[in-house]
Every structure is written in C-alpha cells, then in structure tokens.
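First up is the structure itself, then whatever we jot down about it.
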Protein chains: 4
Amino acid sequence: MIIMKTDATQEQIDRVVEEIEKHGLRADVSRGAYRTVIGPIGDEGRLPFDRIAVFPGVREAAMVDVPYKLISREYGKSFEELEHMVIKVGDVEIGGEEPVFIAGPCAVESKQQLFKIAEGIKKAGAHILRGGVFKPRSSVHSFQGLGAGGQEKAEEALEWLREAGRKFGLPVITEIRGETQVDLVAEYVDIIQIGARNMYDQDLLTQVAKKGKPVLLKRHFGAGIEEFLSFTEYIAAEGNKNIILCERGIVPVGKGKSYTRYVFDLASVPVIQKETYLPIIADPSHATGRRDLIFSMSCAAIAAGASGLMVETHYNPAEALVDAQQQITPDELKDVIDACRRVRKAIVS
Amino acid sequence: MIIMKTDATQEQIDRVVEEIEKHGLRADVSRGAYRTVIGPIGDEGRLPFDRIAVFPGVREAAMVDVPYKLISREYGKSFEELEHMVIKVGDVEIGGEEPVFIAGPCAVESKQQLFKIAEGIKKAGAHILRGGVFKPRSSVHSFQGLGAGGQEKAEEALEWLREAGRKFGLPVITEIRGETQVDLVAEYVDIIQIGARNMYDQDLLTQVAKKGKPVLLKRHFGAGIEEFLSFTEYIAAEGNKNIILCERGIVPVGKGKSYTRYVFDLASVPVIQKETYLPIIADPSHATGRRDLIFSMSCAAIAAGASGLMVETHYNPAEALVDAQQQITPDELKDVIDACRRVRKAIVS
Amino acid sequence: MIIMKTDATQEQIDRVVEEIEKHGLRADVSRGAYRTVIGPIGDEGRLPFDRIAVFPGVREAAMVDVPYKLISREYGKSFEELEHMVIKVGDVEIGGEEPVFIAGPCAVESKQQLFKIAEGIKKAGAHILRGGVFKPRSSVHSFQGLGAGGQEKAEEALEWLREAGRKFGLPVITEIRGETQVDLVAEYVDIIQIGARNMYDQDLLTQVAKKGKPVLLKRHFGAGIEEFLSFTEYIAAEGNKNIILCERGIVPVGKGKSYTRYVFDLASVPVIQKETYLPIIADPSHATGRRDLIFSMSCAAIAAGASGLMVETHYNPAEALVDAQQQITPDELKDVIDACRRVRKAIVS
Amino acid sequence: MIIMKTDATQEQIDRVVEEIEKHGLRADVSRGAYRTVIGPIGDEGRLPFDRIAVFPGVREAAMVDVPYKLISREYGKSFEELEHMVIKVGDVEIGGEEPVFIAGPCAVESKQQLFKIAEGIKKAGAHILRGGVFKPRSSVHSFQGLGAGGQEKAEEALEWLREAGRKFGLPVITEIRGETQVDLVAEYVDIIQIGARNMYDQDLLTQVAKKGKPVLLKRHFGAGIEEFLSFTEYIAAEGNKNIILCERGIVPVGKGKSYTRYVFDLASVPVIQKETYLPIIADPSHATGRRDLIFSMSCAAIAAGASGLMVETHYNPAEALVDAQQQITPDELKDVIDACRRVRKAIVS
C-alpha cells in the first residue's frame, strides 16, 4: 500500500503506478477525500517498497499482509479516513444510520406475481426489491428460473423487475449465475447479486466488478471469513469498491436431523465490520430455511450490527415455485421491519 | 406418554407405572397443575399402548418418537398446559419476562478477587454469580482451577463462592467436572453447571440430576441440536426438570484463520424453544472468545429470544489466569445488560 | 425413467420424448447395448407416468426420486446392464482393472518445465498429464496461471501441454475456470477439468458438458455427497456421461491447528461407487496439502477402491510457483504408483 | 523437558524433580534404555530452564511448546531413541510389524452370544476381544448395556468377557463410561477403552491412567487432532504411556443426506504418527456405520498406516441389540483381516 502526500501530483502518482506495473503487478488507485492511496494487485513481495517510499509525493509505502488489502479497514482509513463506507443506490443508503431491507420473491414467476409482491413489500417498509430470474438450483430437475428459458424470457423477466422497481420506487437487485449473463443483467438492475454458490467464481467476480455497479456478494456456505474476504478482493481489484457483503449461513455440522438449512454465523457480522470498511447485511431466509425463524433471526442479525437484511417475501408462500417453506408474507415482513428498527435503536442508544 | 384423567387416583397411576416397569422400563411421573403425565423411560416399543390406553384413569396413551420425550413441548403441554417453564432460583426467574444475567470470573482465583467481582456484577445488574472451581482445560499443562488442588482447597473456594453470593444477594453456580465432585458441589451452589465438554457424560448427567437442584447444561461444540436434547433427557429421566440449556458455540468450519473460537449458533435458541419447554440462555464469552464481540453478540442472543446470558467478567481481564482475552469488566457488563434489556423490550413490544 | 422394450422402434422412442417435452421437460435418451432408456430432465412430478407406461414400445415407466437420476446405478443398469462405466481416453481406461495415474505440475510455468515433468511422470508410470493454465486462486494477489496473461499466453501454454502429451504419449487434462475459456480449452485437451471451486457453477458445467469430451469434476470442499452428485447431473443432463468424479477433501472441522488442508473423505469413494456407475478418483495433493502424506494417502485412496489418483508432481517442488509444499518429485511418484499397484492387487485378490 | 546425562545419578534426578515441584509443577520421569528424561507437568513458563540446564547430571533443558509434550515424537526420541512405541498386551504387540485386529460385539448380550462371537473372531484371525458392557448411548431410551443393570449384572458380564478371552486366548477390552466404574473394569480387562464421547472427560482420563493398564483412547468426533493429543496428555501425565489412539470419524459437514455416520479422517493416522510415538488404530464400524463399507475402509485404514483395526462383529448382525447395521459376521471379518494383511505387505515392501 502506497499512501501519497496530500499534495501529490498526477505525475507523481503515475510514476508509482508505472513502477508497480514494471514489476508485473497492477495498481489500484483510490482517490479519497483526504489523499490518494495506491494498492498493488499481485505479489507484493516483488516490489521495492524501500525505493518507492522515497519517490517524490509518497508519504508512506508498506506491505500489507492480509489477502484482502484493498477492502481492509486500514486501507479505507488511509484514503478516506473512513471506517465504514455507505453505498448509495438511488435514495437508499446501505451502511448508514438506518437498516436497509431488501425483499421480494425467491423467483420471479410472473409479472402479476412480482408487482403484487413489490407493492406489498413497499407498504411493509422495504427499500429494495429482489427477484430471482436465474436460479442456481442444486438439482437440474428443479425450476431454474424464467431466465433459463432463453434470452427473450430472461429479458422479459428483467424488464418486469425494472418496471416494478420504478413503479414502487424501489431499486432492484437480481442474482447472476454465469458470465454470459453479465451484460444483460447489468442493463436492468441497480445492484448485481453474486450468490453463495458463485462466490468462488473468480472470473464472474471480475466480469461483474467491471460493470461498475454495486455488487452484493454472498458468503459461500463452505467459506471461512478470510476466504470470503479474499474473494471479495477480486471485485475491489477491478476498482469497484461498491460492495455489499452478505452472511447467509454456513454448512451445518454434526450428526442427526438438521433443524435449520445452514448455521447462521452472525458473529461474522461484527468480525467483518472490524476487518473491512464494507457494509454487511444478513439473509435469514436462506440461513434458516424456516419461515417460523425469520422474525427471531432477523432481530438477531440487526442486533449483531448488520446494516440490513435480505428477506424472501411472497404473498402466498405456499404456492411459490421455489423455497416455499422459507418465504414470509408482506404482513409478516412489516412486523420484522418494525421490530428490527426498534432493535437498531436499542443497540445504538 | 400416558396422560391420566384429571381425576385419576394414585392407585390408577401406580398401576400404569407397574405395567411400565413390568416391561423393563422406568416411569417418569409428572404431576402438573392440570393432570398427571407418565413418561416411560426406555424402549417404548416394548409397551402395549393399546392395552394401557384402556386402563382405568388413563385419558390417552401414545408413543412419542423423538429421543427427547420428557422435555418436549408436547409433554410439557400435557401435564401443565405449559409452553415454557420458568425456573426459580431464590428470587431469580429464568425463562420469565426479563432476561437473566449470570456473570463472574472464568476461574475463582482468590477470595478477594471473587468478592470484588461479585460486587461489580451486582452493581452492573447481574442476577447470578458464576465462578469456576474445577476448570476443564484442554491442556494438562494449564491451570486447572483451585479445585484441582485437593478437597480442602476445593471446599475453600466453594465456601468463598457461597459467601460472596450471600453477601451480594446472588444465587451461585459453578461447573462440575467429574462424578466424584457431585456431592461436594451440590452442597455449596444453587445451580450445578455441566460444561460443554461433559455434555456427553451420561453418568455425570445422571448423578447431578439426582441432586434435584437446577442444572445448567451447555451444548457440546460437536453436538447437533437433536443430540443436545437427547442428552438433556438423561437429566429429565431422573425426575429433574429444572434444566437450563445453554448455547455456547459449535466447532468452526472452513479453512484458514478462525476469527472466533467457535461458531455461535444462535438459531438454536428459537429452534430449541419450539422443541422443548425448557429455558435456554447463551454464552457469548466462550462462543466468540473475544471481548470486543461480547456486546454485539449478547444483543444478538437476546434478540434471538434467549432467556439470559452467561458472561465472563473480571475487574482486570488482562491478569485473569484463564480466558483473559474473553472476559469483560463490570462496567462493560453494565452496558451489555442495559442494551440487552432494551433489545428485549424491542422484540416483545 | 422410461425403459423401452428391446425392440422399441425409433418412432416409439420419439413419441415418448415428445410426450415428455409436451410437459415442459427435456429428455435424455441413452441407447445402451441392451435397450434404450429415456430420462426426463426437470420436474418429473408433471409427467403422467401411468399413461406413458402403456405407450407402445415402453417396458417400464417410473419416477426415480434421487436428484441424480441419469448417473445413478439404477439408470446405468437399465440401459447397459452396467454397474461401473469405463471411460476411454486414448489408450487409457479410467474405471477399469488398473488404477490410472494423472500427474504433472500444479501450474504450467514454462515449456521447459512442463516437458521435463512430462518426461519424469511418464518414466514413473503415470498415464495422463495434468498442468494448470488457469489457476483458481483464493487471492487475487497470487499467481493466476499463464492463462491469466491473455488469450495468446493461454494458447501458448495449452499448445505446450498438447505437445508434451503427444511427445510422451500421455493424454492431457487442464482445469477450466470460466465459461469464456470453454471453446479454447476444449480444442487442446483430452479431458476438461472442473475444479472444486467451480463445482457449483451450473452454467459452466452445462457449457463444458456440451463439448462432448470427458469431464473430470472435483467435489467442492463444502459439498455433501448428495450435492456433489446433484451437480454432476447437470453434465449428464446434456447427454454427456463421460464423467470422472474426484474426491479432494472437505472443509476441516474443529478448533486449533489444522494439520492437513482439508479432510480427505475417502469413504466417499465406495459410497459414490454404490450410488452411481461413474468412476471416481482421488486427489491426495489438495486433500492433504502435505508432500509427506502423499504416499500414505495415495495407498489409502486406492485401498478404498478409487479408480486412480491425481497427484501434483514437480521435478523441484521447492521452486514451484504454486503449491510448493504439496508436490512430489517424479521419483517419489514412482514409489507411489508402484505401491498403489500392489495395494490394488491386495484388495482384489 | 529436561534430558539427563547417561550417567546421571538418582540424586541428580531427584534434585531436578524437586526444583520442578518447588515451582508448583509436577514431574514425569521417563527412564529409557538410553537415558532419563524429565517432563514438567504444568505451566513451563514458571520454570528457570537456564538454571536447571547447569544442574549436575543435566544434559539439556528446554521448553517444548506443544500442548502434548510427554507423548511427542521429540520426547520419545529423547529417552528411548524410539520413534514408535510397541505396546504389549499378553502376546499381542500393538504398533509392531503386523496389524492387530480387535473384534467382538458392540454390546455383550449374553454369555452364549459372547462365546460364540469370541470363537468366530479367533478363527477369523483376530487378536483381541472387545465387548461393550457399559454403552454410552445418545438416548436414555436405548439399551444401555448389561452394565446399566447394576453392579452384579456388570460383574457378571465382565466375568464372561474375561472368561471368553481366556478360553480363546484373546486379551480383552471394554469401554468405561464413568469414574465409578474404573476399579471394577480394571480388574477384569487387559485394555481399558475410553470412548469418543468421554475423550473430554479429564477426570476419567486421570483415573483410568492411574490403573497403569494399557488405555485405548478414541478421538472425539468434534475434536481436532491437536485437541485429541492434548487430552491424551492427561493420561501420560499420570506416568502411563501405554496408550493406543483410535480414529473413529469426525462430525459430518454439509447439507443433505449423510451417507456415512461420521467422516473417517484417515489422514489423521499418518499425521498422528508424525506427532507422537504412540500407536494409532482405526474403527471403520463407527466411522461409517455401514456394514457394506467395512471392507473398503478397513483396507484404506491399513493402507494409511494404521497399526490395527477395531471392528464390530456379530454372528447375526440383524439381531444385535445395538448398532445392528454396522456389524459384520466372523466370516466377513476373515476376509477383512486377510485383505488387510496383504495391504500391509503391499505398503511396506
């Protein structure tokens, strides 16, 4: 990490970048309110930090030895004196004072279904509309989302999503499953979601990052926190720091019946907030897989410090094509949101 | 499970018990406010439920096929129309309206240390005093608690604990490590704790249960919920239903650095509340192993619905002989307790 | 699953396929030595099996309720009376009498390096040459393989691989990281490898499957066996049954130092052989991450019944750019191969 | 660890021990064929190694910083120049050239059952007879072993075990569940087994160790290797180094159906052999819980280097009171033993 002086010139910055590239690395240039910081991307061991430290315009040059440098608290503090970043999507602020609620159906099934739900979650107080178009299902024999029906069907579903978002004043988010969908999805949504199963897909992370739009990245259920942040770094390395992290449960351990789909690792929320400046939200729907636990675990996530929640919502969960047993109704969502707001107040007052 | 009629006579009850014992099983007789329920202990497959169902005084006789019958919600509802049991220890109610806070040092080190901490936690608002006398350490080369110094030292430490409790009006709890300590410990404390590592020790569970005192049982870090409740049943099978369960984290999963000692499985709180009528509390100190996460994870546990917390507290954590990095000060405890009370209000209002 | 009569006509087969498609599913038509079997792809619940069962030419029609139907032993037995499939790659048979050894460097570093290693592994008795061109690294700051240097560099490295294979009479295999590499890689290699981290990438599985070449699919370290096989089904659903499975370790569990990178779940080998007709090999290099354990765990994998091994090999492990600590030399490989052959004899005689 | 000179006198040894005890630690004095080594038990940080190093008779004094010092390879090499210890039980050598087979029923059910099985396993080539008298069951409602029927029944079953062992020339082993059984069990058996669930029971480890008889300690299914060895140290700290370790599977990870009861972590075998001088065997019956996997996983365990196996055997598995689905017949055991012997030859030749 190379911290430039406040009055460093563009030329001086360029010279540092040049030096980094000369050694076969790339450079991330972060221009903050306070100063510019340059983060080398690649094996820092090859860089002559001693020499760079005395380049004109350089205040400090030092190796950072976590695998997630560009998203670390330390890096954030250097260029922005920022502890936690607020990501703005339309009027919504993620990582700010108020918790943010992303809601909507697991899968978009029809225009009518989507609009009805969008209306419901808006009334319930949610801020962002989610709707799955490409569903990353475990079984090839399960419904793969309308997006699996070909380009035309995918566009139609994405169009509904955008329209519903505009009609009810809700930014929209959808999950992307493969590299070939990046251009299409980026055109329609405000936030691109990379699901847990794709967290390890470096090429997808890179392609999505390049679009410059905010990215919501879910933690893979087999990933330790260090691994989660290391893969997040693939997005940051493309110069895109508009990243929202999401805890959604890790693999269950132990013999016998599993009462929840995954283990909701809520301690990851404060841990990640201490490690990076990125906001982190939580997804109680996938973590538990049980409607009857959403209320409790939503409150718990907010109490743990999460900046928001993603909650699967359907006006009639029983008839949902996917994840019927884990979706709640807009009315139930309202109770969740109200309680979460009270919990947030309880922990900051 | 055999549910007796409201007006069943003792003789009728005895006859059912006799019948159960005739088939080689034992019988748990729970006399509730509403009626008496008899739970067979052993392989129910051997019992002639059809015949028992028509015994005089029997309202209903049916097999229950979870391995935790005597502590199940269903059983609780039968004899007491009770969904959740409140356990009284002195003036303290565990499982009632208000969350209960158990605090104190990981290990009792000296009388002076214990009294100073007892005073501190009382002021902070805690209800019960904990203090380890027999420490179940991973390494034989670590400090094993004053109790390891022989009978006399153990009694001295237990005496301090009782005295400190009386002085500051706090019921006391300590952990038991082996069967030979049962009689001694039961004499001095109000609640007997069985630690996570001993959860699988059936003989210890049985011996402790027989003392009739309230038992706090921690979930082993390798145990699924079903296993946790199955072992809890060993206590109930001795006729002792004064059981407080405690979630304290399960084994971490995944490669790389572990940022917390265990994974705090907070969804186990509402899950267990749906499965049994027993109160469940949580232990953020052992679950996280990090002082700086206690506040967040305490709030999260209460938000998840826990009936209370066990928090390691020391006036000077840095000099604690055991678990220095996970204990908080009485002042910090006060913040935790105050916030938790606000969170509790937030979720019930 | 619809099993046709031995003398079923093409017309009769077409009619079944048509019926399946009419209900919105796709059909896998497997023509075996004994008869043709048709596997519906999608939600079988929608199919009128009763009606199809009486279509002309149909011997049997029944729902299969595992999420991996097309690769199940049952399905394999229906069309081929086959318990285990042998996959031929050039002269090499995977899944046959003799264990097959895939060896080579973790990453292709230079033409000279690759040829030297190819020569070494050939002498040691290996059958197939591996060499990583696109490396799916955890950290964006690590060496990503020559393939990351752009199309030209990638082609150059793939060309070396093909050339080395031809020179030493070894079919070649390399890992693919993203959908955009499918066409390129398929042109150069005999087997396409999908690594553990990409196991969940349905779109990649589908794209690779369509190439028709044998596919080696590694189990993700967070995946249960059922999940592993469910994702394998995505490949089979494209009509490509030339699939080699590979066990390479699952996430470690438990506190404290991890002595191996992953937990080598060798029982998955016989389990998977009972569930599917596909051959399964094992990768002791990634599973353990330790050179000094390769010999023991290779022997153990063959003893467990694995059809072969993938072992990272380098003439000078210490100077390897990736995974230095887990590669063995060609000489050591020879010892491993010789011992494994003796072990194979020991378990079948 | 203090290594004495070859010609150190008893007085010089005593002085070192005295010095150690003066600082509040205990001392393990291991008199080997080559020299005497003294291992401090407790916090070594308190010892003045510099001073002790110049005591007369002392060759070397140094701190060892693993939590398992007394069982470490390093310690073993110091006093005995021994890499691996061979434990003799009657004529049987555990940890020697030949793999050792421990077999018998999960639970002793009757004299007739036990003798019939003992005869069967003897013919099959097994060396040691196992038979459960005290069964540590997950459910209080399951059969707890004849030992649960009271002192008299327990003695009767233990008597049968001893008798069967003598009749067929087989040393015997049984599991102990609680501290109160230590005296009784030690009287009847040649090896005392501490089961996985009791691995964390420090007091039981200590009590059993004091009996001086060989101890077989199973790894808990939630324990990392470091933890397993740390608890093993509790036995060694009592001066008893006749310890046989046993791998029997760790908790399964991942969603969905679990095809085996536990994950058989066979890499722990060579890992532990590199860390300690103690022999390690494996238990495929509990690890897999499946009869049809015993053959494969037994061969795999021996190939991984295990010094032997413990295999549950019953002449009629279907009628066994406990673990019916994981026991094999004496005939099947013979096949396992024969194959394992061939595998052992295959890996050492």
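The values are calculated or read from the model by the stated rules, or taken from the named source; none is laboratory data. Source: prediction; values computed, not measured. Because the Cβ atoms are built from the backbone with ideal geometry, glycine has one as well, and the counts that use them run over all protein chains shown. When the accessible area is computed, the model is the full protein with side chains, heavy atoms only, and any ligands, DNA or RNA have been set aside. Shrake-Rupley method; radii C 1.70, N 1.55, O 1.52, S 1.80 Å.
Structure data summary
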| read-out | value |
| --- | --- |
| Degrees, to the nearest 10: C:294-303 long Cα axis against longest axis of chain C | 20 |
| Angle in degrees between helix B:151-168 and the longest Cα principal axis of chain B, rounded to the nearest 10 | 90 |
| Cα point-scatterer Debye curve for chain A, base-10 log of I(q)/I(0) at q = 0.07, 0.08, 0.11, 0.15 Å⁻¹ | -0.31, -0.40, -0.73, -1.22 |
| Cα-based shape type of the stretch A:225-335, given that a ≥ b ≥ c are square roots of the gyration tensor eigenvalues and the cut on a/c is 1.5 | prolate |
| Amide proton proximity set for D:THR174, modelled H, under 5 Å, gap of 5+ | D:ILE191, D:GLN193 |
| Loop trypsin sites (Lys or Arg not before Pro), the stretch D:243-288, which have at most 12 other Cβ atoms in a 10 Å radius of their Cβ (DSSP) | D:LYS257 |
| When each of D:LYS69/D:LYS213; C:LYS88/C:LYS135; B:LYS135/D:LYS210; B:LYS69/C:LYS69; B:LYS241/D:LYS255 is checked by Cα-Cα distance, pairs over 28 Å | B:LYS69/C:LYS69; B:LYS241/D:LYS255 |
| nm² value of the averaged projected area, convex hull over the Cα atoms of the stretch B:126-232 | 7.1 |
| Average beta carbon contacts from partner chains per residue of A:58-67, 10 Å cutoff | 1 |
| Solvent-accessible area per residue, Å², over the protein assembly as shown with all protein chains present [probe radius 1.4 Å] | 34 |
| Sulfur and carbon atoms: percent of accessible area, chain B [1.4 Å] | 45 |
| Euclidean distance of C-alpha centroids, the stretch B:75-110 and the stretch A:143-193, integer Å | 50 |
| Interface D:B - total buried accessible surface [probe 1.4 Å, Å², rounded to 100] | 2900 |
| Proximal aspartates and glutamates relative to D:LYS77, as straight alpha-carbon distance under 12 Å, when same-chain residues fewer than 8 apart are discounted | D:GLU275 |
| Nearest beta-carbon to the C/A symmetry axis - residue in chain C, distance in Å | C:GLY222, 1 |
| Among the listed pairs C:LYS274/D:LYS257; C:LYS218/C:LYS257; C:LYS116/C:LYS153, those beyond 22 Å (Cα-Cα) | C:LYS218/C:LYS257 |
| Overall dimensions of the stretch B:1-72 as given by Cα atoms, namely Rg and Dmax in Å | 11.0, 30 |
| Aspartates and glutamates with Cα under 17 Å of C:LYS334, excluding same-chain neighbours fewer than 8 positions away | C:GLU98, C:GLU119, C:ASP283, C:ASP292, C:GLU312 |
| Residues of type aspartates and glutamates that C:LYS123 reaches as a straight line, Cα spacing below 14 Å, ignoring anything fewer than 8 places off in the same chain | C:ASP331, C:GLU332, C:ASP335, C:ASP338 |
| Euclidean distance between Cα centres, the stretch A:254-310 to the stretch B:199-264, Å | 23 |
| Low-density loop positions, GluC sites (Glu not before Pro), the stretch B:45-113 - DSSP coil, at most 15 other Cβ in 10 Å | B:GLU81, B:GLU83, B:GLU97 |
| Antiparallel DSSP beta bridges within the protein assembly as shown, as percent of all bridges there, nearest 5 | 40 |
| Test item: A:224-237 mean partner chain Cβ contacts at 10 Å | 4 |
| Whole-angstrom Cα spans of the stretch A:89-187 along principal axes, big to small | 41, 27, 24 |
| Charge dipole magnitude, Cβ of K and R +1, D and E -1 - the stretch D:165-284, Cα centre, debye nearest 20 | 480 |
| Given charges at beta-carbon only (K, R positive; D, E negative), |dipole| of the protein assembly as shown in Debye | 0 |
| Rounded to 10°, Cα long-axis angle of helix B:225-236 versus longest principal axis of chain B | 70 |
| Copies compared at C:GLY149 - label distances in nm, ascending, label defined 7 Å from Cα in the Cβ direction | 4.7, 6.8, 7.7 |
| Net charge, B:PRO317 excluded, C-beta distance under 11 Å - Lys, Arg +1, Asp, Glu -1 | -3 |
| The protein assembly as shown pair-distance distribution - Cα-Cα, 10 Å bins, rounded % | 2, 8, 15, 20, 22, 19, 11, 4, 1, 0 |
| Peptide C:335-343 - average C-beta neighbours from other chains (10 Å radius) | 3 |
| Under 5 Å, built H, 5+ apart or other chain: amide partners of B:ILE281 | B:LEU245, B:CYS246, B:GLU247, B:SER307 |
| Separation between Cα centres of the stretch A:11-62 and the stretch A:119-137, rounded to whole Å | 42 |
| Electrostatic dipole magnitude of chain C [Cβ: Lys, Arg +1; Asp, Glu -1; Cα centre; debye, to 20] | 800 |
